[in-house]
Amino acid sequence: MIDFYFSPTPNGWKVAIALEEMGLEFTTQLMQLSKGDQFKPEFLAISPNAKMPAIVDHDPPSDYGRTPVPIFESGAILLYLAEKTTQFMPTGALARKELNEWLFWQVGNQGPMAGQLSHFVNYAPKDQAEYGRKRYFGEYDRNLGVLEQRLAGRDFILGDYSIADMLAFPWAFIAKPLTASLDEFPKVAAWRGRIKERPAVQRAINLFKDNQNRGQHTASNNSVMFNQSAASLKRGQE
């Protein structure tokens, strides 16, 4: 059994998709980020970065030992789950090299740039948002271009559906709410459509859907979720 620490956001969907696709048993621990669940000591022991998603695997592979294994950071979680189940990842050395490249691309480029764009579109004070919105819209657009080129002649990022797609899909899925269009990226749009139709993906996207933050918690009214610092971690440890 896996404990899954989750909130219905693109980063949370990544792990939800993997768990559903791999047919793993899990118990969802819904996190109230607006109330500071991410700073509770018991969660910081699992995720020192005070960010979800995170998991605790109570039945890890034997070479991990006999105690439950915590994993934080979405890329690390998906890689762990793929290795645990031997699903949705290639086996050859060259293919594994490409998998690692696209995993690092997502967690270092597409995801953070999209997340910052989301902040300035949806949550930043309106009188302070314009420069950030333009800056990160350009980066989000650039990453769509990277993905468009990669998908030339391929249905999925590595050819076959893999954890690389599960990691990258959620931030492309919400292109419209980020004020972006996929009209100039037909290969990305087709890839997005193929993944969106998968039953496991639909289950993941619908997980606690009613708890999505639809703009009610912003930088102007919630200092727990926004404007964090090292002091936020210290308060959680008190």
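The values are calculated or read from the model by the stated rules, or taken from the named source; none is laboratory data. All values reported here derive from a predicted model rather than from experimental measurement. Methodologically, a virtual Cβ is constructed for each residue, glycine included, from the backbone with ideal geometry; neighbour enumeration extends over all protein chains shown.
Just to be sure, is residue 117 under 28 Å from residue 2 (Cα atoms), outside the structural domain of residue 11 (by TED's automatic domain parsing) and either of a type outside the set (D, E, K, R) or part of a helix (DSSP H, G or I) (or both)? Answer is no for this residue. Kindly establish whether residue 139 is outside any helix (DSSP H, G or I), over 21 Å from residue 99 (Cβ atoms) and either modelled with pLDDT of 95 or more or not assigned by TED's automatic domain parsing to the domain that holds residue 79 (or both). Judged against the criteria, residue 139 is not a match. Filtered by the rule that a residue be part of a helix (DSSP H, G or I), at pLDDT 95 or above and buried (at least 18 other Cβ atoms within 10 Å of the Cβ), segment 20-50 gives 20, 21, 22, 43. Residues in segment 83-108 that are surrounded by 15 or more Cβ atoms within 10 Å (Cβ to Cβ) and either closer than 12 Å to residue 167 by Cα or of a type in the set (Phe, Trp, Tyr) (or both): 88, 99, 102, 103, 105, 106, 107.
Contact map, segment 157-172: residues that are β-branched (Val, Ile, Thr) paired with residues that are not in a helix (DSSP H, G or I), Cβ distance under 9 Å, separation 6+ or inter-chain. Pairs shown: 157/151; 163/87; 163/88; 163/89. Just a yes or no: is a residue in segment 100-107 more than 16 Å from the chain's Cα centre (by Cα), assigned to a helix (DSSP H, G or I) and not polar (S, T, N, Q)? Yes. Residue 182 meets the stated requirement of being of a type outside the set (Asp, Glu), part of a loop (DSSP other than H, G, I, E, B) and out of contact with any Pro (no Cβ under 6 Å at 6 or more places or on another chain).
Hey, can you tell me all the residues within segment 1-10 that are under 12 Å from residue 174 (Cβ atoms) and surrounded by 24 or more Cβ atoms within 10 Å (Cβ to Cβ)?
Initial filter on segment 1-10 (under 12 Å from residue 174 (Cβ atoms)): 8-10.
Matches in segment 1-10: none.
Filter segment 51-60 for residues that are of a type in the set (A, V, I, L, M) and within 22 Å of residue 165 (Cβ to Cβ); which is surrounded by the most Cβ atoms within 10 Å (Cβ to Cβ)? Applying the filter and picking the extreme gives 55.
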